[in-house]
Amino acid sequence: MLDTDGHRPERRSALIAHELSRLDIDIAALSEVRLADEGNLQEHGAGYTLYWSGKPRCERRLSGVGFMVKNSIASRLENLPTGHSDRIMSMRLSLRNGQYITLFSVYAPTLQAEPAEKDKFYTDLRIFSQQVREDDKVVILGDFNSRVGKDSETWSGILGKHGVGKCDDNGRLLLEFCTEQQLVITDTLFQQRDSLKTTWMHPRSKHWHLLDYILVRRRDQRDVFHTRVMPSAECHTDHRLVRCKLNLHFKPQLKCRGAHQKKFNVAYLQSAEVRCNFQTNLQTRLEDENQFKDISPEVFWARMKSAIQQSSKEVLGLSSRKNKDWFDESNQEIKKLLAKKRSAHQAHLTNPSCPVKKSAFRLACSHLQRKFERSRMSGGQTLPNKLNFVPTLAT
């Protein structure tokens, strides 16, 4: 998601959010986000909020993790997601009947990484997972850069009967961690063809491997309806989306009893003429000094507040909320390009060895990217930072 042309994380996040919306994903864990520090931003058009945790801006950023959460769910968060490092992030959500679920978005070191780096990752993940309350449900989602194989007899209760390939050194580290924490790898629980289990193709051998996993506590395995790869998801990444359907229900959101407080057009105060009019209007309302004599602080504040609100309403007026995606100015055209790219992607998936279909897919991606660039250069606006239950989680 790193934008080398400028500080515009919403460029890629908008594309990801619209793809998640199309697939009706409630919460997605993202790896290799590559954005600096910690932050969040809303994609109002698609209805998602991105939270991320990465390395400092001054360091080279090749990692980073995040959550993309539906706004209807993000509004129920009691606390913002916690970024523990550039490889681990957690989020806690309240469920019905007083229960909670804690989710982790992780990005493990690659097979070629130093052993000390791998040990640090699993040590940190072990510490943070052990800090979770015993009665919380736990879901760990992410790119573990490991192959766990299909030896379900040796790793009974951890590995299902439908694994893929052989286990490597990183896979043993993951299996040992799952054994300690009593976790099950849901990707291996369901019988389905390999194309719905494998998530990454080796660039040289062209062999597909399972590297991305969704883990749950063994006692909560009954909550898992299904885990599978979504080959149709396409967001300019070499990893496929993994979707897990869970039988969970969030705590109902409390209804607001009061009327929604509208905001004033305070931006108008940048004009000297408007500021002068506002000051004159407010001074007129405050000229009667007797109304502020011999009264309690509560009454004083109530009268002052009323005067300021009345002056603001008369001079500034009320603002109308406008939430647009950064490419809304050409939304219809981009939607057509997205549909064309999706069609070319499906055709390429049906016959990956066909050079014509592969070229057509690359051309559709190129046209879409050029349109994004033109939208940005023409002044697309930047947004400020800030489960169909059945819920679906993805990595």
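What about T102, is it in contact with a strand residue (DSSP E or B) (Cβ under 7 Å, 6 or more places away or on another chain), within 30 Å of R22 (Cβ to Cβ) and buried (at least 17 other Cβ atoms within 10 Å of the Cβ)?
Working: in contact with a strand residue (DSSP E or B) (Cβ under 7 Å, 6 or more places away or on another chain): yes; within 30 Å of R22 (Cβ to Cβ): yes; buried (at least 17 other Cβ atoms within 10 Å of the Cβ): yes.
Against the criterion (in contact with a strand residue (DSSP E or B) (Cβ under 7 Å, 6 or more places away or on another chain), within 30 Å of R22 (Cβ to Cβ) and buried (at least 17 other Cβ atoms within 10 Å of the Cβ)), T102 qualifies.
Contact map, region 197-226: first residue among the basic types (K, R), second residue open to solvent by 30 Å² or more (accessible area, probe 1.4 Å) and not in a strand (DSSP E or B), Cβ cut-off under 7 Å, separation 6 or more or different chains; pairs are R217/Q182; R218/Q182. Residues in region 188-197 include none that are of a type in the set (K, R) and not in a loop (DSSP other than H, G, I, E, B).
Could you list, in sequence order, all residues of region 121-178 that are charged (D, E, K, R), under 27 Å from L248 (Cβ atoms) and part of a helix (DSSP H, G or I)?
Matches in region 121-178: D124, R126.
So which residues in region 168-201 are farther than 23 Å from R219 by Cα, open to solvent by 40 Å² or more (accessible area, probe 1.4 Å) and under 26 Å from the mean Cα position of the chain (by Cα)? Passing the criteria: S195, W200, M201. Note on region 53-76: among residues that are touching a strand residue (DSSP E or B) at 6+ places or on another chain (Cβ under 7 Å) and of a type in the set (A, V, I, L, M), the one that is surrounded by the most Cβ atoms within 10 Å (Cβ to Cβ) is V65.
Here are L393, L368, L387: which of them is at pLDDT below 75, in contact with a Cys (Cβ under 6 Å, 6 or more places away or on another chain), surrounded by 14 or more Cβ atoms within 10 Å (Cβ to Cβ) and among the hydrophobic types (A, V, I, L, M, F, W, C)? Give the derivation first.
Working: L368 fails: in contact with a Cys (Cβ under 6 Å, 6 or more places away or on another chain); L387 fails: in contact with a Cys (Cβ under 6 Å, 6 or more places away or on another chain).
Answer to the check: L393.
Within region 189-237, the set of residues being among the hydrophobic types (A, V, I, L, M, F, W, C) and under 25 Å from L338 (Cα atoms) comprises L196, W200, M201, V229, M230, A233, C235.
The selection criterion, being open to solvent by 20 Å² or more (accessible area, probe 1.4 Å), small (G, A, S) and more than 10 Å from L210 (Cα to Cα), holds for G157.
The values are calculated or read from the model by the stated rules, or taken from the named source; none is laboratory data. Keep in mind it's a predicted model, so treat the numbers as computed, not measured. Ideal geometry is used to build each Cβ from the backbone, glycine not excepted, and the neighbour counts take in all protein chains shown. Calculation scope for accessible area: heavy atoms of the full protein, side chains included, ligands and nucleic acids excluded. Shrake-Rupley method; radii C 1.70, N 1.55, O 1.52, S 1.80 Å.
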